[in-house]
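Data block below; observations after.
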Amino acid sequence: MNETKQQDKSKFFTQLCEPVIGSLYAYIRKNSNPSFLCNDIYQTTLMLAYENINSLRDEKKFKSWIFTIGRREIVRFNKRYKKEFFIDDVFPERSENLIPRDADIRSLEEQILLEEEKEKVARWLSRLSAADKQFLKYYYYDERTYAEISDIMHIKQGTLRVMHHRILKRLEKIAKGDEYGK
């Protein structure tokens, strides 16, 4: 008797999930940071939804109900796995920031992936000029405004905006050309 009830619950859940499963996965993938946690968040969301399917009051509201569970899981995972690191080639004076803040909960595999990403970005940044690196340091690391950078570098704000745009385009081109992570 209990087994039949469980099978009915599984069928019911499967029927409700089929139309929303693709959009739920896309939503979680878009909002999970770091993105490699997407599958974990997705699976946890589905498990929680299945376990609590009896609390769903209206089948018509299933999509918003499961997306709410997904959103909560995204927030929970994102808080737990903050991804913060800087490139020591560009910011050598503060190399202590290269260690992820939540290193104690990261697995070895995740740390290796972060290290590989860091090396790849460092390689891309090494192909920029010293002035470009200096601008990126002021703008992203020190979080200075164009006006402040203009005063420091003695370059007009309009020129800095163009420079910023060109640096980003150059980095994009470098990244696209770096097929094998070299």
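One line per residue, one yes/no per condition, for (1) modelled with pLDDT of 85 or more; (2) outside any helix (DSSP H, G or I); (3) among the basic types (Lys, Arg):
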{"site": "Thr4", "(1), (2), (3)": "no, no, no"}
{"site": "Lys11", "(1), (2), (3)": "yes, no, yes"}
{"site": "Thr44", "(1), (2), (3)": "yes, no, no"}
{"site": "Leu48", "(1), (2), (3)": "yes, no, no"}
{"site": "Ser64", "(1), (2), (3)": "yes, no, no"}
(Q) Looking only at the range 140-157, how many residues end up being open to solvent by 40 Å² or more (accessible area, probe 1.4 Å), β-branched (Val, Ile, Thr) and under 31 Å from the mean Cα position of the chain (by Cα)? (A) 1
Q. If Phe91 satisfies every condition in (1) modelled with pLDDT of 50 or more; (2) surrounded by 12 or more Cβ atoms within 10 Å (Cβ to Cβ); (3) closer than 22 Å to Gly177 by Cα but one, which is the exception?
A. (3)
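So, in the range 110-137, of the ones that are open to solvent by less than 40 Å² (accessible area, probe 1.4 Å) and over 23 Å from the mean Cα position of the chain (by Cα), which residue ends up nearest to Ile174 (Cα to Cα)?
The extreme case among them is Leu128.
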Q. Which members of the range 94-129 meet the condition of being in contact with an Asp or Glu (Cβ under 7 Å, 6 or more places away or on another chain) and either at pLDDT below 50 or not in a helix (DSSP H, G or I) (or both)?
A. Ser95, Leu98, Pro100, Arg101
**Q.** Members of the range 49-61 found to be surrounded by fewer than 17 Cβ atoms within 10 Å (Cβ to Cβ) and among the small types (Gly, Ala, Ser), listed by number
**A.** Ser55
Q. Applying the selection to the range 66-88, what residues are among the aromatic types (Phe, Trp, Tyr) and at pLDDT 90 or above?
A. Phe67
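Filter the range 1-48 down to residues that are open to solvent by less than 30 Å² (accessible area, probe 1.4 Å), hydrophobic (A, V, I, L, M, F, W, C) and within 14 Å of Ile74 (Cβ to Cβ), then give me how many there are. Show your work before the answer.
Within the range 1-48, the subset open to solvent by less than 30 Å² (accessible area, probe 1.4 Å) is 13, 16-17, 20, 24, 28, 32, 34, 37-38, 41, 45.
Restricting the remaining residues to those that are hydrophobic (A, V, I, L, M, F, W, C) gives 13, 16-17, 20, 24, 28, 37-38, 41.
Those left that are additionally within 14 Å of Ile74 (Cβ to Cβ): 24, 28, 37-38, 41.
So the answer is 5.
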Q: For the range 158-182, enumerate the residues that are open to solvent by 80 Å² or more (accessible area, probe 1.4 Å) and more than 25 Å from the chain's Cα centre (by Cα).
A: Arg161
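The values are calculated or read from the model by the stated rules, or taken from the named source; none is laboratory data. Values in this document were obtained by computation on a predicted structure and should not be read as measured data. All Cβ positions, even for glycine, are placed from backbone atoms using ideal geometry, and neighbour counts span all protein chains on display. To get the accessible areas, we keep the full protein, side chains included, count just its heavy atoms, and leave off ligands, DNA and RNA. Shrake-Rupley method; radii C 1.70, N 1.55, O 1.52, S 1.80 Å.
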